[in-house]
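Reviewing the structure listed below.
The values are calculated or read from the model by the stated rules, or taken from the named source; none is laboratory data. None of the values given here were measured: they were computed from a predicted structure. Quick reminder, even Gly has a Cβ in these numbers, built from the backbone with ideal geometry, and neighbours come from all protein chains shown.
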Amino acid sequence: MSGWRAIFIGPLRYWLMWPVIVAVLYACGRQVLHVRDFVSFIFVVLVLAAAVVVFVVMSYRPGERVTREPFPEDGD
């Protein structure tokens, strides 16, 4: 394996979540939400985190590579 696939492990859909996360947090920052209405900002961050976790869990396919090195088998 060479090129960008050796660096960016995992499906492209997982990496495409990052621009969405950055865009949402940038929009919150532009509105100074973290200063003016901290509770709403924390709510947005928690909802965003929950949405990402649900997306990853729901879109995971068994057998997909998610780490550089394989996990050791039981008994190794």
Does Val45 meet the test of being over 30 Å from Pro70 (Cα atoms) and without any contact (Cβ under 8 Å) to a residue 12 or more places away in the chain?
no
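Considering only segment 66-76, I want to know if a residue exists there that is at pLDDT below 90, among the aliphatic types (A, V, I, L, M) and surrounded by 10 or more Cβ atoms within 10 Å (Cβ to Cβ).
In the first step, residues of segment 66-76 are kept if they are at pLDDT below 90; the result is 66-76.
Then drop every residue that is not among the aliphatic types (A, V, I, L, M), which leaves 66.
Applying the additional criterion that residues be surrounded by 10 or more Cβ atoms within 10 Å (Cβ to Cβ) yields 66.
Within segment 66-76 (the criterion being at pLDDT below 90, among the aliphatic types (A, V, I, L, M) and surrounded by 10 or more Cβ atoms within 10 Å (Cβ to Cβ)), the answer is yes, since at least one residue qualifies.
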With respect to Val20, is the statement that it is without any contact (Cβ under 8 Å) to a residue 60 or more places away in the chain, under 27 Å from Glu64 (Cα atoms), within 17 Å of the chain's Cα centre (by Cα) and surrounded by 11 or more Cβ atoms within 10 Å (Cβ to Cβ) true?
yes
Could you count how many residues in segment 6-17 are surrounded by 12 or more Cβ atoms within 10 Å (Cβ to Cβ) and farther than 14 Å from Val53 by Cα?
3
Scan segment 7-18 and tell me whether some residue there is modelled with pLDDT under 75 and assigned to a helix (DSSP H, G or I).
yes
